[in-house]
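Report on one structure; see the data block that follows.
The values are calculated or read from the model by the stated rules, or taken from the named source; none is laboratory data. Note that the structure is predicted; figures quoted are calculated from it, not measured. For neighbour counting, all protein chains shown are included, and Cβ atoms are generated from backbone atoms with ideal geometry for every residue, glycine included. Calculation scope for accessible area: heavy atoms of the full protein, side chains included, ligands and nucleic acids excluded. Shrake-Rupley method; radii C 1.70, N 1.55, O 1.52, S 1.80 Å.
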Amino acid sequence: MDQLNNFLSPPAAPRDFGFFVDGKWQSGHDFFVRHSPGHGVAVTRTAKCSVDDLNAAVAAARRAFEDRRWSGLPVGSRASVLLRVAEILRTRRDELAYWETLENGKPIAQARGEIDHCIACFEVGAGAARLLHGDSFNSLGDGLFGMVLREPIGVVGLITPWNFPFLILCERVPFILASGCTMVVKPSEVTSATTLILAEVLAEAGLPDGVYNVITGSGRTIGQAMSEHPDIDMLSFTGSTAVGRSCVHAAADSNFKKLGLELGGKNPIIVFADSDLEDAADGAAFGISFNTGQCCVSSSRLIVERSVAREFEALLAEKMKRIRVGDPLDETTQVGAITTEAQNTTILDYIAKGKTEGAELVTGGTAIDLGRGQYIAPTLFSGVSREMAIARDEIFGPVLCSMTFDTVEQAVELANDTVYGLAASVWTKNIDKALTVTRRVRAGRFWVNTMMAGGPEMPLGGFKQSGWGREAGMYGVEEYTQVKSVHVEIGKRTHWIS
């Protein structure tokens, strides 16, 4: 990898990627050229696939599923392949983090941390493969024995977003593979590199041809065709609630395929006066700034007890001002570049709207000019009312809106006043308050006195319009299976017709 200049600067020329079908690399006829959002230079060229390419990939995945080249293996063999993937990822950690940073704009140190999490996903997936099992019923009388078989659902279509291209991929792929399914993956057209590199890794680890296929292209063309494809048995989509809704309609109009959806979030961080305010401020700053706020579980609604609101906002603002925004390839950077020009514009428009709506800008609120790339300062608004757009819409950027409460009931009511239910956190030293809020706030992931903690053993997913189903851990493996009841007659059957 000498041409990568030890991963310290963008490549001299963009790297070309084809697409991957049935264990073979295919050449594209047209390409997306991706410019690094942190550096403004071309870094990758990725194939624009056609619907015919998608059909070929689905056919390859179907053949691989039907001839049981993967699902028919003993679970120990599947687990061994997943463990080899983890070993190979460990050797390619810096390379994967480099391409993730170049295409996405996230800080290189964060990208490395995400690769470590991805390695853990494959290790947990290997263990989950060994633990997957059915059940038996020895209670149906002496003449009948019951079994419950858990079988892979079939061909899975996997559509992943641009904000966590490799992390979200790896929170799904090892668990889909553990279940025995085959798959066709479509990454975002702006962040496809690491999904394609994983194809190399899986092949090297011994995954049979046709089990993992990658088709690159636009969501409008390839993503829509996957939603509608009659030979895809399940679709896993991560992205906006609006696109998730279109997936529901497409699935219903095609083959009633099962859906796994992780969608939008407008996540509350509830801070009580009795919390450690320094810890809570650090958690809030991290929660809104991690991955430049382009994170579906980011804490974008601060709900703080009125008696300490001003003190807490001042403490939080000071912390946010000290966040290091800069070149994503700089080891000291904490907040990198906004991933796309469109998203950069959207965030700045919402900041302008917050000012127009009458919210008080405490800190941030501006683009940062570093000479190249697109950067936005971590932003805090105070005096926000629940009717404001910045309090209701998923901005998907480093913009935090502060509201106040006086009672536990008010805090819970504010937290639940959203169509979303993806994640939430509460900060308090009072265990009664912590457990009350945890049980009453409707969210699929919850943190107490911490933020975005956990590992791939725990399930991921949302309530309300934040999605359907669960990913990761045993829940994530079971999501890609279906249950079959089997009844076995013991001894001579009693005849119905005498």
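Values for this structure:
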{"quantity": "Given K258/K492; K186/K355; K257/K464; K186/K321; K24/K484, the pairs whose alpha carbons are separated by over 32 Å", "calculated": "K258/K492; K186/K355; K186/K321; K24/K484"}
{"quantity": "Dimensions (Å) - segment 296-454, Cα atoms, principal axes, largest first", "calculated": "50, 36, 30"}
{"quantity": "Within the accessible area of the chain (1.4 Å probe), percent carbon and sulfur", "calculated": "51"}
{"quantity": "Cα-based convex hull, segment 234-306, per residue volume (Å³, whole number)", "calculated": "102"}
{"quantity": "Loop-located GluC sites (Glu not before Pro) in segment 334-394 whose Cβ has at most 11 other Cβ within 10 Å (DSSP)", "calculated": "E387"}
{"quantity": "Ellipsoid equivalent to segment 215-265 - semi-axes via the Cα gyration tensor, in Å", "calculated": "16, 13, 9"}
{"quantity": "Distribution of pairwise C-alpha distances over segment 308-354, 10 Å bins, in %", "calculated": "22, 32, 39, 7"}
{"quantity": "Square roots of 5 times each gyration tensor eigenvalue, C-alpha, segment 122-175, largest first, Å", "calculated": "36, 13, 7"}
{"quantity": "Farthest positive-ward along segment 118-263 dipole, Cα basis, beta-carbon charges - from C181, L202, T216", "calculated": "T216"}
{"quantity": "Extension gain from V51 to A314, taking 0.36 nm per residue of separation minus the Cα-Cα distance", "calculated": "89.4 nm"}
{"quantity": "Gained length - E357 relative to R392, 0.36 nm times residue gap less alpha-carbon distance", "calculated": "11.3 nm"}
{"quantity": "Square roots of five times the Cα gyration tensor eigenvalues for the chain, Å", "calculated": "40, 30, 19"}
{"quantity": "Peptide ranges 246-258, 297-309 listed from the most packed, as the mean C-beta count within 10 angstrom indicates", "calculated": "297-309, 246-258"}
{"quantity": "Residue-normalised accessible area of segment 49-154, given per residue in Å² at a 1.4 Å probe", "calculated": "41"}
{"quantity": "Prolate/oblate/rounded call for segment 34-129, Cα gyration tensor, a/c under 1.5 rounded", "calculated": "oblate"}
{"quantity": "Segment L73-V41, length gained on full extension (0.36 nm per residue, minus Cα span)", "calculated": "7.0 nm"}
{"quantity": "DSSP bridge pairs, the chain: antiparallel proportion in percent, nearest 5", "calculated": "45"}
{"quantity": "Along each principal axis, Cα extent of segment 120-256, largest first, Å", "calculated": "60, 38, 25"}
{"quantity": "Radius of gyration, Dmax [segment 276-341; alpha carbons; angstrom]", "calculated": "13.1, 41"}
{"quantity": "About the Cα centre, charge dipole magnitude for the chain (Lys/Arg +1, Asp/Glu -1 at Cβ), debye", "calculated": "700"}
{"quantity": "Exposure rank, largest accessible area first [K464, K492, K24, K106; 1.4 Å]", "calculated": "K492, K24, K464, K106"}
{"quantity": "GluC sites (Glu not before Pro) restricted to segment 414-498 and DSSP loop, no more than 11 other C-beta within 10 Å", "calculated": "none"}
{"quantity": "Percentage relative contact order, the chain, counting C-alpha pairs under 8 Å, at least six apart", "calculated": "18"}
{"quantity": "Accessible surface, 1.4 Å probe, highest first, among residues R245, R68, R112", "calculated": "R68, R245, R112"}
